Amino acid sequence: MTITKEFLEQPTLELARQLIGKELVHETTQGTLSGKIVEVEAYKGPEDKAAHSYGGRRTSRTEIMYSAPGHVYMFLIYGMHHCFNIVSGPIGKPEAILIRALEPIQGIELMLKNRFGIKESYLRSQYRNLTNGPGKLCKAMQLNMDLYGQTLMDNHSVSIRHSQSVDDSDIIRSPRINIDYAEEHAALPYRFHLRDHPHVSKA
DNA sequence: TCAGGGATTCTT
DNA sequence: AGAATCCCTGAC
């Protein structure tokens, strides 16, 4: 069962928490790809120095963050890697949640092909390395700039499904990764991940 | 118009 | 620890 508008309208930090354990699904022409969300980070709009929308920055890149929750915010980082984000918060408040790691569920062979181009024997050893980072999961799941501005709801190619619920005691909250430039906001506990899960990004 | 830097990943 | 690699942003 797919998530609802009401689910997406939760405050950003609660939505981030609730996304842990959900299944991210991408229907491609080559098949269905999906994975369980095991790590996310919240970016809280104008008042968060780590956010692209800090200070109300509103450009063609960040524009979608000002729209309704549930839109897809894609961006390219370091000239090479895509990152997949879900717009959150009320309309006009530019918040978003970065999906940082998945546990592969469906379409694992295609994901391996997308990531490494190869080969059955290579598979097993690389399984844990398939989607354990924001750029890696985009490559594996074929998430790219074409998805910018899509909605997670209206029968688009990307969606999120409910799965088994996750207990609070299995979730770790900690500071976000690679945002040293955010000064006093670098220490905010806006990262959520499953405890001891092998597909959480290392850092 | 242009220089600087980045919500990363892979290799050395 | 350093490279790859290029779009976005803000300043000039």
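The values are calculated or read from the model by the stated rules, or taken from the named source; none is laboratory data. Keep in mind that this is a model prediction, so the values were computed, not measured. Ideal geometry is used to build each Cβ from the backbone, glycine not excepted, and the neighbour counts take in all protein chains shown.
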Could you please give the count of residues in the range A:75-121 that are within 16 Å of DNA strand C (Cβ to nearest atom) and among the acidic types (D, E)? 1
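Can you tell me which residue among A:H82, A:H71 is away from DNA strand B (no atom under 11 Å from the Cβ), crowded, with 17+ Cβ neighbours inside 10 Å, closer than 30 Å to A:R195 by Cα and not hydrophobic (A, V, I, L, M, F, W, C)? Let's see the steps before the verdict.
Details: A:H82 fails: away from DNA strand B (no atom under 11 Å from the Cβ).
The match here is A:H71.
Can you tell me which of A:Q18, A:Q10 is away from DNA strand B (no atom under 13 Å from the Cβ), closer than 30 Å to A:D167 by Cβ and assigned to a loop (DSSP other than H, G, I, E, B)? I'd like the intermediate steps shown before the answer.
On the way: A:Q18 fails: assigned to a loop (DSSP other than H, G, I, E, B).
One residue alone meets the criteria, A:Q10.
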Report yes if some residue within the range A:174-192 is surrounded by 18 or more Cβ atoms within 10 Å (Cβ to Cβ), more than 24 Å from A:R61 (Cβ to Cβ) and either without any contact (Cβ under 8 Å) to a residue 40 or more places away in the chain or β-branched (V, I, T) (or both); otherwise report no. no
Does the range A:19-28 contain any residue that is surrounded by 14 or more Cβ atoms within 10 Å (Cβ to Cβ), at pLDDT 95 or above and within 16 Å of DNA strand C (Cβ to nearest atom)? no
Test of understanding: among A:E103, A:E95, A:E47, which residue is surrounded by 16 or more Cβ atoms within 10 Å (Cβ to Cβ), of a type in the set (D, E) and farther than 19 Å from A:V166 by Cα? A:E95
Checked pairs for the range A:149-169, first without any contact (Cβ under 8 Å) to a residue 12 or more places away in the chain, second β-branched (V, I, T), C-beta under 9 Å and 6 or more apart or across chains, list as A:H156/A:V72
What's the total number of residues in the range A:21-63 that are more than 11 Å from DNA strand B (Cβ to nearest atom) and either free of Cβ contacts under 8 Å to residues at least 40 places away in the same chain or touching a Phe, Trp or Tyr at 6+ places or on another chain (Cβ under 6 Å) (or both)? 8
Could you check how many residues of the range A:157-199 are in contact with a strand residue (DSSP E or B) (Cβ under 8 Å, 6 or more places away or on another chain) and within 16 Å of DNA strand C (Cβ to nearest atom)? 1
Those residues of the range A:152-203 which are in a loop (DSSP other than H, G, I, E, B), basic (K, R) and at pLDDT 95 or above amount to A:R176, A:R195
Only residues in the range A:81-93 that are closer than 12 Å to A:L152 by Cα and in contact (Cβ under 8 Å) with a residue 24 or more places away in the chain count as the first member; pair them with residues that are among the acidic types (D, E) and surrounded by 18 or more Cβ atoms within 10 Å (Cβ to Cβ), Cβ under 7 angstrom, at least 6 apart or cross-chain, and list the lot. A:S88/A:E95
Report, by residue number, each residue of the range A:31-84 that is at negative phi, out of contact with any strand residue (DSSP E or B) (no Cβ under 7 Å at 6 or more places or on another chain) and either of a type in the set (V, I, T) or not in a loop (DSSP other than H, G, I, E, B) (or both). A:P46, A:E47, A:Y54, A:T59, A:T62, A:E63, A:Y66, A:H81
